[in-house]
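Written below as structure tokens is the structure these notes are about.
The values are calculated or read from the model by the stated rules, or taken from the named source; none is laboratory data. Just so you know, these numbers come straight off a predicted model, no measurement behind them. Virtual Cβ from ideal backbone geometry, glycine too; neighbours counted across all protein chains shown. Heavy atoms of the whole protein, side chains included, go into the accessibility calculation; ligands, DNA and RNA do not. Shrake-Rupley method; radii C 1.70, N 1.55, O 1.52, S 1.80 Å.
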Amino acid sequence: MKNFILQILVTVFLLTACQQNSKKNNIENTITTEESADNGLNYKDGQKPANRLFPDKLRDLPNEIVAAHYPNPCYANYEDSMYIWKHNITIQTKEDLQIVEFGSFVYTEKGWYLRVSMNAIDFEENYHCKGGLLKKGVSYTDNSSWRRDKKLRGGDAMWFFIAKDKNGKLVKGIAPIETEGKLINSTTKNASIIQANISWTGYGELGGYSLTGNIKLKNYDIQLQGDSLKSAVITIDMTSITHENKDLESHLKDKDFFDVAKFPSAIFETKKIEYTSATTAVAYGTLTLKSVSKPIKLPLTIQRNGDNKTLSTKISIDRTIFGIKYNSKSFFGNLGDQAIKNKFDLAFSITLK
């Protein structure tokens, strides 16, 4: 008898945990009429008047919250015997607002049903927004929204956000998302670079002294997934380092610094690219310099102009972790005004077609 009761308690615990995990991770499974007929899904909140699109729950509320998914449409990956569609959601407001409720509707053959409903505490956790209080003009992004299914089939969902202003008036924002019944690899294509500008800046330890020069791209392999950057391998020609002072240029190329005769190339290879909005992303990868490989993170800004997109970033790199110790205070003393900072800046702007 005790074992039977224990089994019941364990079962209840596991079911509760699964429900909480489903809520936390914003699962948006597509459900057909046949599958959903007797499972108690909340179609009441998804009801809508004849000839109208949106459910009653969202009707009559002013649309004062800007919300969008990226990428949209979204294509599937196949992971752990399931198809999974990964996307993010970004929202922004024109005035300070307090989140009251947010969640998603999923469209099925029976119409909309309320898949998940969450509160301000959940919003704080998923969107990194303290107390669910939206500040005017600030963007908030959930980078881990997803839908999964055992079958490769498309589905439409709609995330909603309900908030109140300083006078207690309720307003809304909605963000439809199309998840397509296609694998993401079916949309992979090569990108061509039509322009690349790469510059470096080194700094002295005293007096705000700095020097800036240029360096060239050697070759590349950049893959796009639909309209999104999927992966990149970029090789930099270290022999192309330039500066107006030719003595300095030669010194940078010799063994004290980059030893370009022995190490003519530097390589950056992405491991993962996460979009934080339609115009920003973070590329995680590895930088190999002088045969030393170290993890690196590139914050990317993305500008679109017709069929072209320009990726730009600026990062600081600690040269000493790649074995470049010349005139570093971390390794040598009594350098005076000859001391050079460990970190140098690398900035690039690459336009893709």
Under the rule of -39500 (n - 2.57) per DSSP H run of 4 or more residues, summed and divided by the residues of the chain, what mean residue ellipticity at 222 nm is obtained, to the nearest 500 deg cm²/dmol? -3500 deg cm²/dmol
Membrane-span-like helices (DSSP H runs, Cα span along own axis at least 20 Å, mean Kyte-Doolittle at least -1.0) in the chain -> 2-24
Looking at the chain as a GNM with Cα springs under 10 Å, which of 56, 337, 221 has the largest mean-square fluctuation? 337
Quick one: Karplus J couplings for the range 222-228, per residue in order, coefficients 6.51, -1.76, 1.60, θ = phi - 60°, nearest Hz, x for Gly and Pro? 10, 10, 9, 10, x, 9, 10
On the formula 1/(1 + (r/R0)^6), with r taken between the Cβ atoms of residue 263 and residue 307 and R0 of 45 Å, the FRET efficiency rounded to 0.05 is 0.80
Rounded, prolate or oblate (a/c below 1.5 giving rounded, otherwise prolate when a/b exceeds b/c) for the range 46-107 by Cα gyration tensor: oblate
Long-range amide H partners of residue 178 with built H, under 5 Å: 74
Whole-Hz Karplus couplings 3J(HN,Hα) for the range 301-306, θ = phi - 60° and coefficients 6.51, -1.76, 1.60, Gly and Pro as x, run 10, 10, 10, 10, 9, x
With an 8 Å cut-off on Cα pairs and a minimum separation of 6 or more residues, tell me the relative contact order of the chain in percent. 14 percent
Shape call for the range 114-236 from the C-alpha gyration tensor, a ≥ b ≥ c root eigenvalues: rounded (a/c under 1.5), prolate (a/b greater than b/c) or oblate? oblate
With a 1.4 angstrom probe the carbon and sulfur portion of accessible area for the chain, in percent, totals 51 percent
Roughly how far apart, in whole Å, are the Cα centres of the range 81-96 and the range 187-249? 32 Å
Using alpha carbon centroids, what distance separates the range 54-68 and the range 127-160, in Å? 15 Å
Which shape class, rounded, prolate or oblate, goes with the chain when its Cα gyration tensor gives a ≥ b ≥ c as root eigenvalues, a/c under 1.5 marks rounded, and past that a/b bigger than b/c marks prolate? prolate
Choice from 229, 252, 311 with maximal GNM fluctuation in the chain (Cα, 10 Å cutoff): 252
For the range 232-324, report the accessible area per residue in Å² (1.4 Å probe, heavy atoms, rounded to an integer). 51 Å²
Just to confirm, what accessible area per residue do you get for the range 163-222 at 1.4 Å probe, in whole Å²? 59 Å²
Can you list residues whose amide H is under 5 Å from residue 329's amide H, if they're 5+ apart or on another chain and H is modeled 1.01 Å from N? 340
Would you report the distance distribution of C-alpha pairs in the range 147-209 as whole percents per 5 angstrom bin, up to the bin with the largest distance? 4, 9, 10, 8, 8, 8, 8, 10, 10, 10, 10, 4, 1
